[in-house]
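The values are calculated or read from the model by the stated rules, or taken from the named source; none is laboratory data. Predicted model only: the values in this text are computed from it and were never measured. Note: ideal-geometry Cβ built from the backbone for every residue, glycine included; neighbour counts use all protein chains shown. Protein only, heavy atoms only, side chains kept; ligands, DNA and RNA dropped before computing areas. Shrake-Rupley method; radii C 1.70, N 1.55, O 1.52, S 1.80 Å.
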Amino acid sequence: ELKGIVFVIQSQSNSFHSKRAEDLKRDILKQAVDLGKELPTVLLIHQIDRHEGSWTILPLMKDFSVTYGRNTSWIFFCEEDTRIQVLKLLETLRRFDKSKEWFLGKALYDEESTIIHHYAFAENPTVFKFPDFAAGWALSIPLVNKLAKKLKSEPLKSDFTIDLKHEIALYIWQKGEGPHLTPVPEFCTDDVNSYKVDHCATTFSNFLPLCGEPVNKEDVFVAVKTCRKFHDDRIPVVKQTWEREAALIEYYSDYADISIPTIDLGIPNTDRGHCGKTFAILERFLNRTSPKTPWLVVVDDDTLISIFRLRNLLSCYDPNEPVFLGERYGYGLGTGGYSYITGGGGMVFSRTAVQKLLASKCRCYSMDAPDDMVLGMCFSGLGIPITHSPLFHQARPMDYPKDYLSHQIPVSFHKHWNIDPVKVYFTWLAPNTEESRNGKKVGYNREDL
């Protein structure tokens, strides 16, 4: 029965995202009413946030087991943009014996071993399947109870949360002792309007968010972090690709080179983190740019980004809120810890967020500390949640499963290693004529890169 399913939406507290999640919750409950069913429980992750790490799911297993371990059958997880056909989902879950341990989802796999999964299964990465969260995924209650028991006796070990869907699948698999992911064809990521979706219990709204007009070019200030040794090979790539999309852009280095031009911030380059440099950029943004410029984007010199798409995305965020946006990673979240925006994919700040950060006493503990992690720590201490978008990427296109990227309109990728970065930009990120004209994307023409 429907009351035997607990729906958990991966929601966020930012106003744009929480509204999307509330809309999905309302839709699930309305379908239940229309079907004449008893209402299921629908939880929003950001509302059950006991600590910073709730978005990583595993820390919630003990609570789920205690609260729902006796009188429900399934916990079904989904994204705020997952669309659910409740009746079809019920029919799909009925195929599985709820008294057994099940881990159900749409299967993704790596075609080659990748840094974001710590080169797991290097001999043959295709053997290990993990769920595409966009399609939704489900755990049977016996498996939830087992995980809760395991977590009680063995706290989570991993320091870093980098790719949650892969890490959860690894934890459940337990080196072969636990269940593998069982692929479910009814869990889909096809667009809701696709002819393919008749059999689907879930679909995914595949679009780049646009809320009204894109923000103006002049509303986005772009700061590129570089250093003298990369002036000759990385900066020309930026100039050949996305620089033309930015109205306001400055290059910050340890050496003033008028041919680029770069600005020497007076902070020597470090081989480790760039905390000193990034905080100097934040101070400069606040004190040297027009107070009317609401957005700051900080990127590395080997970040490939679509400023055009970013302007669409930013139309959905209120710059009067303290917004810190990008790809979310976590550090030490099993035991408290904090979330942070990983720097290589691009870090986006509202001016309000920069003002609140710099008004606080939170600063680098050393000049070469990792800037993205220190920023995460600072914002966590200020009670300002970071905002995750899966459209930012810390790695290259080939570091992600093709099927995962197929339902995305990406905003960024990172690294020039073993790729032609100009080709990657024009294949994945450059606005095509159709997109430029009406803000919509009409299918990709991508080579295998």
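Does S65 satisfy being modelled with pLDDT of 95 or more, surrounded by 20 or more Cβ atoms within 10 Å (Cβ to Cβ) and part of a helix (DSSP H, G or I)? Spell out the reasoning first.
On the way: modelled with pLDDT of 95 or more: yes; surrounded by 20 or more Cβ atoms within 10 Å (Cβ to Cβ): yes; part of a helix (DSSP H, G or I): yes.
Yes; evaluated as a whole, the condition is true for this residue.
Every residue, every condition in (1) farther than 28 Å from F308 by Cα; (2) outside the structural domain of T126 (by the TED database), yes or no:
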| position | (1), (2) |
| --- | --- |
| E177 | yes, no |
| F221 | no, yes |
| V238 | no, yes |
| P268 | yes, yes |
| K277 | no, yes |
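Would you say L87 is open to solvent by 10 Å² or more (accessible area, probe 1.4 Å), of a type in the set (A, V, I, L, M), outside any helix (DSSP H, G or I) and touching a residue at least 24 places away in the same chain (Cβ under 8 Å)? No, not satisfied.
Within the stretch 420-429, being surrounded by 19 or more Cβ atoms within 10 Å (Cβ to Cβ) and either closer than 15 Å to E243 by Cβ or of a type in the set (S, T, N, Q) (or both) holds for P421, Y425, L429. Within the stretch 1-36, the only residue that satisfies the criterion of being among the aromatic types (F, W, Y) and in a helix (DSSP H, G or I) is F16.
Going by the conditions given, is L265 among the aliphatic types (A, V, I, L, M) and touching a residue at least 40 places away in the same chain (Cβ under 8 Å)? Even if it seems obvious, please write down each step before you answer.
Values: among the aliphatic types (A, V, I, L, M): yes; touching a residue at least 40 places away in the same chain (Cβ under 8 Å): no.
So L265 fails the test.
The C-beta contact set for the stretch 142-157 (first residue within 15 Å of T72 (Cβ to Cβ), second residue in a loop (DSSP other than H, G, I, E, B) and open to solvent by less than 50 Å² (accessible area, probe 1.4 Å), distance under 6 angstrom, 6+ apart or interchain) comprises N145/G69. Within the stretch 214-232, the only residue that satisfies the criterion of being loosely packed, with under 14 Cβ neighbours inside 10 Å and without any contact (Cβ under 8 Å) to a residue 40 or more places away in the chain is D232.
There is at least one residue in the stretch 37-55 that is open to solvent by 30 Å² or more (accessible area, probe 1.4 Å), under 20 Å from L164 (Cα atoms), in contact with a Gly (Cβ under 7 Å, 6 or more places away or on another chain) and not in a helix (DSSP H, G or I). Screening the stretch 269-287 for residues that are surrounded by fewer than 12 Cβ atoms within 10 Å (Cβ to Cβ) and modelled with pLDDT under 95 and picking the one that is nearest to S366 (Cα to Cα) gives R272.
Where in the stretch 330-419 are the strands (runs of 3 or more DSSP E), entirely inside, with at least 3 residues that are open to solvent by 30 Å² or more (accessible area, probe 1.4 Å)? Give the derivation first.
Numbers: elements: 338-341, 347-350, 412-414.
By residue number, no strands (runs of 3 or more DSSP E) qualify.
Conditions tested, residue by residue: (1) over 20 Å from H180 (Cβ atoms); (2) among the basic types (K, R); (3) in contact with a His (Cβ under 7 Å, 6 or more places away or on another chain).
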residue: R70; (1), (2), (3): yes, yes, no
residue: W74; (1), (2), (3): no, no, no
residue: T82; (1), (2), (3): yes, no, no
residue: E91; (1), (2), (3): yes, no, no
residue: R94; (1), (2), (3): yes, yes, no
residue: A107; (1), (2), (3): no, no, no
residue: E111; (1), (2), (3): no, no, no
residue: A120; (1), (2), (3): no, no, no
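Say we look at the stretch 233-261 and pick out the residues that are over 19 Å from G346 (Cβ atoms) and touching a strand residue (DSSP E or B) at 6+ places or on another chain (Cβ under 8 Å); which of these is surrounded by the fewest Cβ atoms within 10 Å (Cβ to Cβ)? Please lay out each step first, then the result.
Restricting attention to the stretch 233-261, the residues satisfying the condition of being over 19 Å from G346 (Cβ atoms) are 233, 236, 254-261.
Keeping just the survivors that are touching a strand residue (DSSP E or B) at 6+ places or on another chain (Cβ under 8 Å) gives 254-256, 260-261.
Details: D254: 17, Y255: 14, A256: 13, I260: 18, P261: 10.
Only one residue fits best here, namely P261.
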